[in-house]
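Beneath this line is the structure, given in structure tokens, with notes to follow.
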Amino acid sequence: MRKRLPDLKVVTIPGITAFGAAAALAEFPVGEGREPVTICPAADDLTAVRRALAQGGTVVLMKIGKRLPEVLDLLDAEGLLDKSAFVSRATMEDERIETDLRRLKAEGPEAGYLSIILVHAGKS
């Protein structure tokens, strides 16, 4: 905005992060004790997601979008579906909170739009 409208006064106001809102809605504790918290985009190659899960702690998967089926398959293979929560469209009229991620497997990839998956990857 500053580049396009240099005379425009822009004010940044701190707020609640998307993953913070999702965790609160799902009643999902983030970073308990000395547990690490890793925020990882899932939009492209899932190599970074695999690395984050291997590190343990709480893993916040963002930018899931159409990769939802692949992310669910990965979490299933790692035995983490029962340690995860899915939140889409947090704070919007059509928000969805799902703690049984197996229900998402029957849905199309569009269910991942505007969604976050919170994972307790263990090893803490």
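The values are calculated or read from the model by the stated rules, or taken from the named source; none is laboratory data. Every value quoted in this text rests on a predicted model; they were computed, and no experiment measured them. Methodologically, a virtual Cβ is constructed for each residue, glycine included, from the backbone with ideal geometry; neighbour enumeration extends over all protein chains shown. Just so you know, the surface numbers come from the protein's heavy atoms only, side chains and all, with ligands and any DNA or RNA stripped out. Shrake-Rupley method; radii C 1.70, N 1.55, O 1.52, S 1.80 Å.
Which ones in the stretch 1-29 are open to solvent by less than 60 Å² (accessible area, probe 1.4 Å), in a loop (DSSP other than H, G, I, E, B) and in contact with a Leu (Cβ under 7 Å, 6 or more places away or on another chain)? Matches in the stretch 1-29: Phe28 only.
Identify, from the list Thr58, Thr12, Thr91, the residue that is modelled with pLDDT of 95 or more and either in contact with a Gly (Cβ under 8 Å, 6 or more places away or on another chain) or farther than 23 Å from Gly122 by Cα (or both). Steps first, answer last, please.
Details: Thr12 fails: modelled with pLDDT of 95 or more; Thr91 fails: modelled with pLDDT of 95 or more.
Going through Thr58, Thr12, Thr91 in turn, the sole match is Thr58.
Restricting the stretch 103-124 to residues that are more than 26 Å from Arg34 (Cα to Cα) and of a type in the set (Lys, Arg) leaves a set whose member that is least open to solvent (accessible area, probe 1.4 Å) is Lys105.
Taken over the stretch 103-115, the criterion of being out of contact with any Leu (no Cβ under 8 Å at 6 or more places or on another chain) and in a strand (DSSP E or B) is satisfied by no residue.
Tell me, which residue of the stretch 44-102 that is in a strand (DSSP E or B) and hydrophobic (A, V, I, L, M, F, W, C) is most open to solvent (accessible area, probe 1.4 Å)? This residue is Ile97.
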